[in-house]
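**Student:** Attaching a single structure in structure tokens format; questions to follow.
The values are calculated or read from the model by the stated rules, or taken from the named source; none is laboratory data. Treat the numbers as computed from the prediction; the structure is a model and nothing was measured. Glycine gets a Cβ as well: all are built from the backbone with ideal geometry, and neighbour counts include every protein chain shown.
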Amino acid sequence: MSDLLKQYRDQIDAIDEQMLKLVNQRAQLAREIGNVKNGGPIYRPEREAQVLRRLTEHNEGPLSGDAVTAIFRAVMSNCRALEKELSVAFLGPLGTFSEEAANKQFGGLSAPVQCSSIDEVFRMVESGQVDYGVVPVENSTEGAVGRTLDLLMATKLNICGEIALPIHHNLLSKSDSVDQIKTVYAHSQSLAQCHQWLNAHLPNADRQPVVSNAEAANIAKNNTNGSVAAIASTRAAELFSLNNLASNIEDDPKNTTRFLILATHDVAPSGKDKTSLVVATKNVPGAILELLKPLADEQVSLTKLESRPSKIGLWEYVFFVDIEGHHQDAAVSKALKELEARSSLLKVLGSYPVAII
Ligand SMILES: C=C(O[C@@H]1C=C(C(=O)O)C=C[C@H]1O)C(=O)O
């Protein structure tokens, strides 16, 4: 070994010793904090968001902000686990983007619980069988996930966080060559999101929609002659031992899915929050303008407005609204009171930190 290499490695060893001590000191403090919480919620998304925002702001590199975020998410996940191991339910099976989103937010899952439907995720949290649930709510190209919105209408749960997950698709197969592929399996949305790539690179391959990309990966895994490929995540490639024949084959590189975290508790303000609401109006001209006026008066910005049939009367609509700020902020609180007076229904679904990408 050259002298220089040894010198550098000795320095790294010394730093690692310091880091080990420091990270254990941090863990010890988290354990103490767990006792101070005295039965209150262990997971504090607002505090975790503040920690990550502060560290990425102070980061001078060469590590990227994303790298710092990933490292500290893992550190916090392990510190949190000393307070309590949290169970998190998501739409399974393993290898789905819901699992990836849950992993991202919680910095790894100590007690993952796979569910077979979005309904089951809600039920598991409502019945107290798990601590948190992660459900998809919208995709930047495909739009809203209707089932999640309908269940939010009826639930007593709070939204305690959001996750923005960039969706990258890959062509996975037992084969090691794209030329051998005759059939491509994936969820119909994923097939649609890779339409241009498939037209350019596999124009003659049969496209078969299946219930999830993880199911597609399973079919590819069981294929013996190498003629089958799946469109799925890199995590699915690992889980199902498949070769990644082509990475990032999605037509829109900015394709992102937004997930919500469901909890039985409220979240304190983090300084950069969002509030989600459901509002219903009478079906009269100008009703939506009337609803938006209190928000405009208090200078509260709207980040989302989505209408959905209320399922009570024919052509009655409810609106899913996201606004900037926390329901405890003075302006938001005033606007919400005014909004409540003007609407036939107002339900605050939760205030939570804006997603950290
Ligand atoms: C240590 C705490 O508990 C959890 C762990 C955190 C951390 O490791 O920094 C932050 C927030 C909580 O989710 C805390 O509330 O401060």
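**Student:** When you look at residue 262, is it surrounded by 19 or more Cβ atoms within 10 Å (Cβ to Cβ), in contact (Cβ under 8 Å) with a residue 24 or more places away in the chain and under 18 Å from residue 145 (Cα atoms), yes or no?
**Tutor:** yes
**Student:** Okay, next question. So which residues in the range 224-259 are among the basic types (Lys, Arg) and surrounded by 15 or more Cβ atoms within 10 Å (Cβ to Cβ)?
**Tutor:** 235, 258
**Student:** Please find, within the range 154-189, the residue that is surrounded by the fewest Cβ atoms within 10 Å (Cβ to Cβ) out of those that are more than 30 Å from residue 350 (Cα to Cα) and of a type in the set (Gly, Ala, Ser).
**Tutor:** 177
**Student:** Here's another thing I want to ask about it. Identify, from the list 246, 335, the residue that is more than 26 Å from residue 87 (Cα to Cα) and in contact with an Asp or Glu (Cβ under 6 Å, 6 or more places away or on another chain).
**Tutor:** From the options 246, 335, the qualifying one is 335.
**Student:** Determine whether the range 88-104 contains at least one residue that is out of contact with any strand residue (DSSP E or B) (no Cβ under 9 Å at 6 or more places or on another chain) and either more than 9 Å from the ligand (Cβ to nearest atom) or more than 30 Å from residue 139 (Cβ to Cβ) (or both).
**Tutor:** no
**Student:** Does residue 57 satisfy being modelled with pLDDT of 95 or more and surrounded by fewer than 14 Cβ atoms within 10 Å (Cβ to Cβ)?
**Tutor:** The answer is yes for residue 57.
**Student:** Specify which of the listed residues (348, 321) is assigned to a strand (DSSP E or B), closer than 23 Å to residue 151 by Cα and in contact with a His (Cβ under 7 Å, 6 or more places away or on another chain).
**Tutor:** 348 is the lone residue from the list that is assigned to a strand (DSSP E or B), closer than 23 Å to residue 151 by Cα and in contact with a His (Cβ under 7 Å, 6 or more places away or on another chain).
**Student:** Could I ask something else about it? Test residue 49 against the criterion of being surrounded by 21 or more Cβ atoms within 10 Å (Cβ to Cβ), of a type in the set (A, V, I, L, M) and over 30 Å from residue 309 (Cβ atoms), and give yes or no.
**Tutor:** Yes, satisfied.
**Student:** Something else now. Only residues that are at pLDDT below 95, assigned to a loop (DSSP other than H, G, I, E, B) and surrounded by 13 or more Cβ atoms within 10 Å (Cβ to Cβ): list them for the range 284-318, please.
**Tutor:** Result: 310, 316.
**Student:** Can I ask one more? Quick one: residue 85 ticks every box in (1) over 19 Å from the mean Cα position of the chain (by Cα); (2) at pLDDT 95 or above bar one, so which box is it?
**Tutor:** The failed condition is (2).
**Student:** Looking at 134, 130, 113, which is the one that is more than 14 Å from the chain's Cα centre (by Cα), touching a residue at least 12 places away in the same chain (Cβ under 8 Å) and buried (at least 21 other Cβ atoms within 10 Å of the Cβ)?
**Tutor:** 130
**Student:** Are any of the residues in the range 109-128 within 20 Å of residue 166 (Cα to Cα) and of a type in the set (Gly, Ala, Ser)?
**Tutor:** no
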